Amino acid sequence: MKLGQKIAVNYLRGKLNLLSLISKKKAAARAFELFCTPFRRSKKKKPPVFSKAERLNINVEGLNIHGWRWNSPQEKRCLIIHGFESTAYNFDRFIHPLTKKGYEVLAFDAPAHGTSDGKQITLPLYVATLEKINEKFGPIQAFMAHSFGGLALTHFLETIPNNQSRVVLIAPATETTTAIDSFFKFLQLDNSLRKEFDALIYEKGGKHASEYSIRRAINNIHGRVLWIHDEGDDMTPIADAMKVKDDNHPNVEFMVTEGLGHRRIYRENEVVKKVLEFF
C-alpha cells in the first residue's frame with residue numbers, strides 16, 4: 001500500500017471509530033457507504049475491439065448504464081460480467097473468440113464502474129442491472145462473471161425457474177459475510193459496530209448478509225457451471241469455494257489454479273482456453 005493510501009485508510013479508520021463512540025448507527029451507515037463505494041475506476045485504455053462494438057445504454061434506478069454488443073443478431077448470447085472496481089474492458093480477449101463460436105456478445109460497465117453512472121453499488125443494484133440487461137437484450141444463454149459479478153449473477157439466475165444457462169464463475173465472491181469480515185479487518189473497526197452494520201443490510205434488502213451467498217444460491221441454478229478459482233486468491237478466499245465443491249453439485253465443475261491470484265486468473269491462457277471450450 002502506498003503512503004497516500006495508508007494515510008487515507010488511517011483517516012477513515014479514525015473517523016469511523018470516533019463516530020462509533022457518538023452513534024453506532026451513524027457509524028454503521030457511514031461504513032456501509034464505504035463498503036459499497038469503488039474508490040478507483042479502471043484506467044485501462046479502451047481495447048480496439050470495443051471501438052468495433054455497437055454501443056448500448058440502459059437506465060437502472062435513474063443511472064445511465066453503458067454497454068457494448070458484438071455479432072448481433074444471433075440465436076445464442078453471452079454476457080460478460082465484471083467484478084468490483086473493474087470494467088468490461090478487462091475482458092476484451094474473450095470477445096472475438098466468443099463471436100467466432102457464434103455468440104452474440106454483450107458486456108456492460110456496472111453502476112459506479114467504468115463509463116457508467118453512479119458512485120456506489122450494492123448486490124441488489126447489480127442484480128437489478130442484470131435483470132434489465134436480460135429483459136432488454138436477452139434471452140441470454142451463457143454468462144461469464146468475475147468476483148463480485150459472480151455473486152450478482154447467481155442471485156439473478158436463481159430468480160429464473162429451471163434456468164439452463166451455461167455459467168462460468170471466475171474467482172467469485174462466494175460469501176458476503178466473508179467480504180464484510182475482510183472489510184472490518186482492513187479498517188480495524190470495532191466489533192461492536194458489526195451488529196448495526198448487519199442490521200442495516202437487513203433493513204435495506206430484507207435479507208441477512210448470510211443469505212447473500214453463492215453457496216446458498218447455487219442450489220437454485222440448474223444449468224452447467226464451470227467454477228475457476230486460484231489457491232492463493234487474497235480477495236475471494238478459496239476456502240469458501242471449497243465448501244461449495246464439497247457439496248458435490250452434479251452440474252458444477254471446478255478448476256483450481258495456482259499462482260494466478262484474483263485478477264491475473266482471467267488473463268491466463270489456460271483459463272481462457274478452458275472457458276472457451278466450456279462454451
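Points to keep in mind about this one:
- Summed over the range 226-261, residues that are aromatic (Phe, Trp, Tyr) and over 16 Å from Ala145 (Cβ atoms) total 0.
- For Asn10: the one exception among (1) in a helix (DSSP H, G or I); (2) among the polar types (S, T, N, Q); (3) modelled with pLDDT of 95 or more; (4) loosely packed, with under 14 Cβ neighbours inside 10 Å: (3)
- The set of residues in the range 130-157 being among the β-branched types (Val, Ile, Thr) and in contact with a helix residue (DSSP H, G or I) (Cβ under 8 Å, 6 or more places away or on another chain) consists of Ile140, Thr154.
- So Gly67, is it under 17 Å from the mean Cα position of the chain (by Cα) and either modelled with pLDDT under 95 or open to solvent by 20 Å² or more (accessible area, probe 1.4 Å) (or both): no
- Here the range 30-58 is the region considered, the condition is being free of Cβ contacts under 8 Å to residues at least 60 places away in the same chain and assigned to a strand (DSSP E or B), and the residue that is most open to solvent (accessible area, probe 1.4 Å) is Arg55.
- Single match in Ser72, Ser42 (criterion: under 26 Å from Val275 (Cα atoms), of a type in the set (Ser, Thr, Tyr) and at pLDDT 95 or above): Ser72
- The residue that is surrounded by the most Cβ atoms within 10 Å (Cβ to Cβ), among those in the range 90-148 that are within 16 Å of Ala53 (Cβ to Cβ) and aromatic (Phe, Trp, Tyr), is Phe108.
Condition check ((1) farther than 30 Å from Ser23 by Cα; (2) at pLDDT below 95) across all residues:
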{"position": "Val168", "(1), (2)": "yes, no"}
{"position": "Ala179", "(1), (2)": "no, no"}
{"position": "Leu187", "(1), (2)": "no, yes"}
{"position": "Ala209", "(1), (2)": "no, no"}
{"position": "Met242", "(1), (2)": "yes, no"}
{"position": "Asn251", "(1), (2)": "yes, no"}
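- Of the numbered criteria (1) out of contact with any Phe, Trp or Tyr (no Cβ under 9 Å at 6 or more places or on another chain); (2) farther than 23 Å from Pro38 by Cβ; (3) surrounded by 22 or more Cβ atoms within 10 Å (Cβ to Cβ), the one Glu158 fails is (3).
The values are calculated or read from the model by the stated rules, or taken from the named source; none is laboratory data. Here the structure is a predicted model, which means the values were calculated and not measured. Positions of Cβ are backbone-derived with ideal geometry, glycine not excepted, and every protein chain shown enters the neighbour counts. To get the accessible areas, we keep the full protein, side chains included, count just its heavy atoms, and leave off ligands, DNA and RNA. Shrake-Rupley method; radii C 1.70, N 1.55, O 1.52, S 1.80 Å.
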